[in-house]
Amino acid sequence: TIGKAYIDDFESSKIRSPISIRRTMWTPSSAPYGYAHQPRALLRWYNPYHRVPKRDIWPNIETTAHESNVDVLTIEFHDTTTVPGDSMPWAGIMQYIPQAFQEQRDAQFLEIWVQGDKGVLTIDIGSISEDIDGDGELDTEDKKISGRYDNILTKDEDTGLDGMFDDQELDYYLTTAGVDITGMSVEQKKSKFRELFPDLDPDDPSGDDWDYSTDDPENYTHINGTEGNSSDPAYGGRPKPDTEDIDRNGVLDTRNAYFSYRIDLSSKHFEVPGTRNEATGWRLYRIPLRDSLFRFVEDGKVWRRIKVGDPDPSFATIKYIRLWLTNVEGGEAKVSIASIDFVHNQWREDFDNFEVAVKNSQEDLDYNPPPGVSGERDPQTGLTLAERSLALIYEYLPPHDTVYAYKVIPTQQAEDYTRYKRLTMWVHFDSAKADGAAPQLLFRIGSSTNDYYEYITFPLHDGWDSVYNRVVIDFDELTNFKEQYLRAKSDTAIPDIPNIKLASHGHGYYVIHGNPTLTNVTQLQIGLINPDPNFPISGEVWCDELVAEDVRVDDGAAYKAELTLQAADFARFSATYDQRDDDFHELTSISPRTTYYGGRYGFTRGRGLPEHSFRKTWQYNVGFTLGKFFPPRWNVSLPLSMSWSFTTALPRYKTGSDVVLSDSARQFEKTTQRSTNISLAGVGAAPENRTKLIDLLVVPNRLTYTYTTSQQHSPSTPFSTNTSYSIIHTYSLNPRGRTGYGYRKFGTTEKDTTSKSGNRLISVLKGLFIPTSINLNTTIDEQSNRSQDRYGTRNNVFRRNLKHDTKLGFAFAKDLTGDFNIHLERDIHDPNFLVIGLPTIVGRPVSKSINWGLHWTPRYLEFLSQRYDINSKYNENTHSPTPGTFGNVSQTRTLKAGYTLMWNKFFNKAKKDEKIKRSIANLLSKLDNLKIDLNWTANISAPNLRSRPIKLFQLGLTGDPGVPFVSDVATRQQPKVDNTQRVDANTGAKLPQDVRINISYHFTRQSVQSTSNNTKTISHTLPELTARWGFFNKLKFFKLFARSVSARSSWIRRVTTGYTNDQFSNRKIESRLSPLLGMNFT
């Protein structure tokens, strides 16, 4: 648009992070919190063969013939459960979110397009256990090669998650049921199987076979099978092994720390008004991710967000998403999902009764754009794209209260609007959809929360009213008013004037706050004011097309000259001269609707340089490939690069203001910049035909050197010099790697190790203590900053530090691994702390950290899965704010043990009478695995030690720092000790008469000792009991009107006792029977 620049047209305000709806990205989920792994209903999920017309979902969308349909994810819920759980039947699927999309701290909403109105759909996001069946073991088709999973599916691995082909499943089921299959033919086995398990298929006993054919495209019965799915065309000929380890990190992740959101599909909770297609039932749910913890809905209830996990979940790492259904009336439901998105908005808000969203012409059926505004046309397809507006949604806004959304522009991209004469924006209001008085709209523009211009409308009228609703700000009128106001405020000879003034067009007010300027805009705000002095108001206001108009057209010129010289592949040289008039600005072909910041239209200015300035820049660059001086076979890397630059700028406007300078005054506001850069990056060598010694001492080393200096002179900072350099040395070696140093290279020959026991022992011992990886990093960096501001205040900062990092990895045995990391940082700028001799002192300590861990997963007992972890973390910061103390020190020690007792394998190898063995095995088959987790954590925070703790404390081998605390001042903070012990256990059993129970036990003891606290909390949860009765199916009375009848109940009793200073303080007893009795009829 000629003469206009879009500050924000809100087309890009909404940023989506999509979750894939492709079938193969989803797997069966682990059980949600409060639910056992049974009763798990049958769940099928698929992308329908016949894709859904886009207009069935978004009636207003324009499409081409070949893009008129879209894939959706359809979920079918079938309650086939006959065994009990601790709640109603449930079923779910989950997906690993790629690491690039796990950071969701800025996400405001979760949006999901849904069709289907039965059941409660729960969405869990965060860290979620991968353990589908809850047995604590990693179930995977992938077989280890050389101790590692290769993530490649071969035909002999395509067994499904149970690890058995169909014939093996048949034998397993019969053997588990106590049948002696010795000498039985396949048909005899199948006949016996049908007798024992009439509801199962002997050709697929586990029901895990994959099968799908486009000859019968609507038959999705076996589309989620995991056995034989290597031929699934959805994998594109590159299938991966089915596994519970869906993040493919090689271990079973069982941590639960997630947020949970519930959507009752039969209600309109979280449904966005105006999005429902009444003909098809498709509609949009928008869930506020944070403020839905307490959210009022239309029936007056409070809809809660649930947090699960200890420690609490975090939006910093959303690793998994789980969708699960429950409360399905009739036991059958079908739900389709067109999209799932984490939604960010460039406009943020921090108010409880205020939300910022986006309306668009394709998804929101109640939306109409401003007059003369429409979506752009795609230059390739010719289709009209969606036109969007920013929606300000306010609920129960209190009388005379103000709310606003804000957009922060990075300082280095600060915008300058002085090239334009005015700013405009369309505003829409609908009194029919509002409750209470019409609000007033405010718009703020400035450099901080204290310095900004403000424009306030009168109460809004209906629609896109071009007179009363449209924001129109005349920049000349606004800045002249500011000059009058500030002059009157600073000059005692001039009477003061108020900071508010009616705009010349008569439909709004200008307000001056602080000393704002249009040359350094870093913050925009759009908000609403409730003008009613007595009653709250609710409603929605739309904003569109925030535009700077009427560009100031003045002639400007720019000149640029470049010279480049190249000397083969050895050297290069370039020189550049650039001159620009203060009225020159670049033209750009970028569409205004694709911008993130208006800076693409000349709004931004060069860093440290005033905008609208006459500039001259000289720049020189030279580079040398010095490695060419060495013999080629040495493979030396020695790249040297240098650059110099000098810039002068004469500004049009006074520094920090939008006041125009005279020609003579511009010299006093001149800015100059000089800079020099020198670098040698990645210096090293990798000779051909190198010896083992060179491999060890030369090849792993790399050296990098950088030097930078710059000077700047400006009105606000007459003098500023910054100088820095860094030297980085890295050493990286894999001693046991293919090119490193394994057992033979450091010990005896292969022949020796197999023939001489002494040499074998030496080889084993060296294998134990030679790390699997060695990474060393040493850095020396120096920074010197000197400056003086316009008031004569000097600021000198000098820093020179030495940093060293050592990281070692160990594999002591097949099941025993370890790691050790140490970080040291020292301040070496003070010569008094550099002593060569005894003792040697290299700098003043700044910080230090030591982390190590041991991880043991023994596999000696087939029936008992075990894992043991020992971890220690030590951190110190020696820059103590308290005189006479060493600094801040913290230590965390953790011991973990996890056990899973598999009853069905307990007597597999016992040498007992076969009849007794089968009886015991049959009895144990009724029991669920017993899982026991033990966790001990000790946290120590010591801010006031007199000196560094002893080595044993640093290594986590003792909890006693071994040095006294400074306690001569009572107000000083004392050490804090936080110890936690936790025990978790659960199991279950299947009893006669189709009765199943599940029982869990939880114990937590936490003690905290600090300056103001000496508390202890003990929590017991016993029992956590659930039961389900299925014998009602056998009663003739129920058979008259139901095919399946079951009852369920749960009882949880938790006792929490608190102590303060070792004295009893409180006790809380919680007992919950939920429900008292529940029955399902199908």
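Mind checking the stretch 780-823 for chymotrypsin sites (Phe, Trp or Tyr not before Pro) that DSSP puts in a loop (not H, G, I, E or B) and that have at most 15 other Cβ atoms within 10 Å?
Answer in residue order: TYR791.
When the Karplus curve 6.51 cos²θ - 1.76 cosθ + 1.60 is applied with θ = phi - 60°, which whole-Hz ³J(HN,Hα) does each residue of the stretch 34-51 get, with x for Gly and Pro?
x, 10, 7, 5, 10, x, 8, 6, 6, 10, 10, 9, 6, 9, x, 4, 8, 5
Given Cα pairs under 8 Å that are at least 6 residues apart, what percent is the relative contact order of the stretch 144-235?
Numbers: 89 pairs, mean separation 27.9, N = 92.
Dividing the mean separation by the residue count of the stretch 144-235 yields 30 percent.
With labels modelled as points extended 7 Å from the Cα through the Cβ direction, what inter-label distance (nm, one decimal) is found for ARG105 paired with LYS268?
3.8 nm
Can you list residues from other chains, or at least 5 along the same chain, whose modelled amide H is less than 5 Å from the amide H of TYR653?
Placed amide hydrogens put LEU661 under 5 Å from TYR653.
Counting other Cβ atoms within 10 Å, keep those with at most 16, restrict to DSSP loop, and tell me which trypsin sites (Lys or Arg not before Pro) in the stretch 50-133 are left.
Working: sites: ARG51, LYS54, ARG55, ARG105, LYS118; in loops: ARG51, ARG105, LYS118.
Listed in order of number, the matching sites are ARG51, ARG105.
In whole Hz and in residue order, list the ³J(HN,Hα) couplings for the stretch 715-732 that follow from phi through the Karplus curve 6.51 cos²θ - 1.76 cosθ + 1.60, θ = phi - 60°; x for Gly and Pro.
x, 7, 9, x, 9, 8, 10, 10, 10, 8, 8, 8, 10, 10, 10, 10, 9, 10
Need the full-extension length gain, LEU42 to HIS1020, defined as separation in residues times 0.36 nm minus the C-alpha distance. One decimal, nm.
Fully extending the segment from LEU42 to HIS1020 adds 348.6 nm.
Normalised by the residues of the chain, what does the relative contact order come to in percent, with Cα pairs under 8 Å and at least six apart?
Worked out over the chain, it gives 9 percent.
Compute the distance in nm between two label points, each set 7 Å from the Cα along the Cα-to-Cβ direction, one at ASP789 and one at THR672.
2.4 nm
Over 22 Å apart: what share of the alpha carbon pairs of the stretch 361-551 falls there, rounded to a whole percent?
Counting every Cα pair in the stretch 361-551, those more than 22 Å apart make up 53 percent.
Using the Kirkwood radius over Cα pairs, work out the Stokes-Einstein diffusion coefficient for the chain at 20 °C and 1.002 mPa s, in µm²/s as a whole number.
Calculated translational D: 60 µm²/s.
Convert each backbone phi in the stretch 557-573 into a coupling constant with the Karplus relation 6.51 cos²θ - 1.76 cosθ + 1.60 (shift: θ = phi - 60°), then list the ³J(HN,Hα) values in order as whole Hz, x for Gly and Pro.
So the Karplus estimates, Gly and Pro as x, are 9, 9, 10, 8, 10, 10, 9, 10, 10, 10, 10, 6, 9, 9, 9, 8, 9 Hz.
For the stretch 517-579, state which chymotrypsin sites (Phe, Trp or Tyr not before Pro) are in a DSSP loop and have at most 12 other beta carbons lying within 10 Å of their beta carbon.
none
Eigenvalues of the Cα gyration tensor times 5, then square-rooted: what semi-axes does that give for the stretch 91-151, in whole angstrom, largest first?
Square roots of five times the eigenvalues give 30, 18, 11 Å.
Placing one identical point scatterer on every Cα of the stretch 330-396 and ignoring solvent, what is log10 I(q)/I(0) from the Debye formula at q = 0.13, 0.16, 0.20 Å⁻¹?
Results for the stretch 330-396 at q = 0.13, 0.16, 0.20 Å⁻¹ read -0.59, -0.80, -1.01.
What aspartates and glutamates sit close enough to LYS976 to cross-link, taking a C-alpha to C-alpha distance under 13 Å and skipping anything fewer than 8 places away on the same chain?
Straight-line reach from LYS976, under 13 Å: ASP960.
Each reported figure results from applying straightforward, stated rules to the coordinates on display, with no laboratory input. Since the model is a prediction, treat every value here as computed from it, not as a measurement. Cβ: placed from backbone, ideal geometry, glycine included. Neighbour counts: every protein chain shown.
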